[in-house]
Amino acid sequence: MSPKDKNSASASSGGNRSPHHNLKNIPAEWSERVTPLERTLVPKFAARAYHLPGNSLFADWLQYMLNNHPVIGICCHHRLHPLKTRQRCIIFLGSFAFGVAITNICYLWFISTGRDAEQEVFSIDLNAQESAHYSVTAGLVMLVTVGSGIHTIFDRFVWSVSACRCCRAGGTFESNSINSPNRSRWQDFGTYLVVLLVALVIAAATFIVIVRAKMDGEGQTEIPYIQDNNTTLTDIVDSVKDFTLDDFSFMKAYCIEFAVSLFVYYPFFDTVLFSGVLGCFRLPLLGGRPYEVRKEEKKNNGKSGTRRVSALEMA
């Protein structure tokens, strides 16, 4: 083959290559399947980013709520989001079960230690046409502080593990995961781990609910099997057949609280975090959207003149 033919063949083969073929350690066929849009959005979705490149304030707030709300996100998440409908349903079920567990653990702690959950910590008096007195009890303070804090940590941990952003498109270990013969297993390892974790949480929550129902029904002040050594696990399980729906009336109250927290408190507090006011718009964790916009502007500094296309337009 003449040098001219070699150059022609080289140019022809180069023209067929993916524009992202030069990405380190990433096969050409994978680069053709994973678009630049995915490498931009997937890590941001997995990290629950407040801001997507080129989005307006309202577009960012809308995508944040649609992609991250525990219920709305099940049906309305972005097509490129690493957490799909099945994973979100599992996470939601785990969050509900963990909430049941932590709420009843707080209740059992008050009962077992002899403390009064209804003891007033402070009160609020409103001088309106009709005087209103609002009492804040020790049990409520425990749930709002310790219970809600642990619940939030659990939800964020499960989200991060299931999303597994480091092995997704654009992640730190993307090249290692896609070159592995078990590529899909590496990317879905977090999902399998979350399924196991949620199953354990559901089992624990079920046991705790049975224990509380047994204590309420018999008026006990000692936790069976833990403080009351005369009660065995078999006795607790056998007592289930004697329960009625009224024995689980406390679950109705929790379901109402859970619904209010999802559709009232969640949008409100997440909007506050989104605004960045808690972090003066500059702190990494509390700076919200303004902090992420500032980071993007610094990253794109020197690239002025390039039209910014919003993520929604790219999709």
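Values in this text are rule-based calculations from the coordinates and carry no lab data. What you are looking at is a predicted structure, and each value in this text was computed from that prediction instead of being measured. So basically every Cβ, Gly included, is an ideal-geometry build from the backbone, and we count neighbours across all protein chains shown.
Here are the numbers:
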{"item": "Overall form of segment 184-300 per C-alpha gyration tensor (a/c, 1.5; a/b vs b/c)", "result": "prolate"}
{"item": "Cα gyration tensor category, rounded, prolate or oblate, for segment 47-132 with a/c compared to 1.5", "result": "oblate"}
{"item": "For segment 211-275, size of Cβ-based charge dipole, Lys and Arg +1, Asp and Glu -1, in debye", "result": "260"}
{"item": "Packing-based order for 50-56, 112-118, using average beta carbon neighbours within 10 Å, highest first", "result": "50-56, 112-118"}
{"item": "Whether segment 94-165 is rounded, prolate or oblate, judged on the alpha carbon gyration tensor where a/c under 1.5 counts as rounded", "result": "oblate"}
{"item": "Residue pairs, from the table K44/K298; K84/K299; K44/K84, whose Cα atoms sit over 20 Å apart", "result": "K84/K299"}
{"item": "Distance from segment 95-127 to segment 219-282 (C-alpha centre basis), Å", "result": "10"}
{"item": "At R0 = 25 Å, FRET efficiency that the Cβ-Cβ distance of V121 and E222 yields, to 0.05", "result": "0.45"}
